[in-house]
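Here's the structure we're looking at; comments come further down.
Every read-out reported here was derived from the displayed coordinates using simple, explicitly stated rules and does not represent laboratory data. These figures come from a predicted structure and were not determined experimentally. As a convention, Cβ positions derive from the backbone with ideal geometry for all residues, glycine included, and neighbour counts pool all protein chains shown.
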Amino acid sequence: MQIYKTKAKKFHGPHFPTVHRQAFGLYTEIKKKTKRRAYIRSAYFDKEKIFLDLYWHHLFEKSNWRDRLRRMRFFGCAVEVIQNSHFKPNQTKNPNDSKEMLYRFYGADANNEVFCVQIKENIKNKQKFLISVFPVEGPIFY
């Protein structure tokens, strides 16, 4: 597993509203550049679009506020990993839906905290969506 080292730092703040303001501010900047759905282009997938709106729906399905905060801190780093990383991700078929493929990219922020970026691909129409970003706990072998 290769880990992409980002220049971005995770969002800081003691409470959910401060981190949410930073993360959603970045999302709105990206959204302003597009006409319809917010997306970024991926270096690994030959500049294909990765749609970002599903991430926010998935995030707010979580009932635990601490988990939301923990995941949202790495949103800026995740955007950088998607845009710049050429490293091969871990790839598996979705066990719940055979029409979907899941990709996991690993990255480390400027303070060497490791996180995972999960992207879902609909095999039928080749659309890709950012699903989740979360920190990785435990030992990581480079």
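Structure values in brief
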{"read-out": "Charge sum, other residues only, whose C-beta stays under 14 Å from V117's C-beta, Lys/Arg counted +1 and Asp/Glu -1", "value": "+4"}
{"read-out": "Ranked packing of 10-22, 29-41, 124-136, most packed first, by mean Cβ within 10 Å", "value": "124-136, 10-22, 29-41"}
{"read-out": "Expected 222 nm ellipticity per residue - DSSP helices of 4 or more, -39500 (n - 2.57), all of the chain, to 500", "value": "-9000 deg cm²/dmol"}
{"read-out": "Charge dipole (the chain, unit charges on Cβ, about Cα centre) - positive-most of A38, A108, V79", "value": "A38"}
{"read-out": "Nearby aspartates and glutamates by direct alpha-carbon distance to K10 (threshold 19 angstrom, same-chain neighbours under 8 apart not counted)", "value": "E29, D67, E80, D109, E113, E137"}
{"read-out": "At q = 0.16 Å⁻¹, base-10 log of I(q)/I(0) for segment 66-113 (Debye sum, equal scatterers on each alpha carbon)", "value": "-0.60"}
{"read-out": "Rounded to 5, the percent of DSSP beta bridges in segment 9-142 classed as antiparallel", "value": "90"}
{"read-out": "Net dipole in debye of the chain [+1 Lys, Arg Cβ; -1 Asp, Glu Cβ; about Cα centre; nearest 20]", "value": "500"}
{"read-out": "Reachable aspartates and glutamates, given that their alpha-carbon falls under 13 Å from the alpha-carbon of K124 and they are not under 8 places away in the same chain", "value": "D97, E100"}
{"read-out": "FRET efficiency for Q127 and H15, using Cβ-Cβ distance with R0 set to 35 Å, rounded to 0.05", "value": "0.50"}
{"read-out": "Sequence-distant aspartates and glutamates (8 or more away, or on other chains) whose Cα lies within less than 17 Å of K93", "value": "E121"}
{"read-out": "Label point distance in nm, K62-R41, each placed 7 Å from Cα along Cα→Cβ", "value": "3.0"}
{"read-out": "Rg(Cα) / (2.2 N^0.38 Å) computed for the chain, rounded to two decimals", "value": "1.00"}
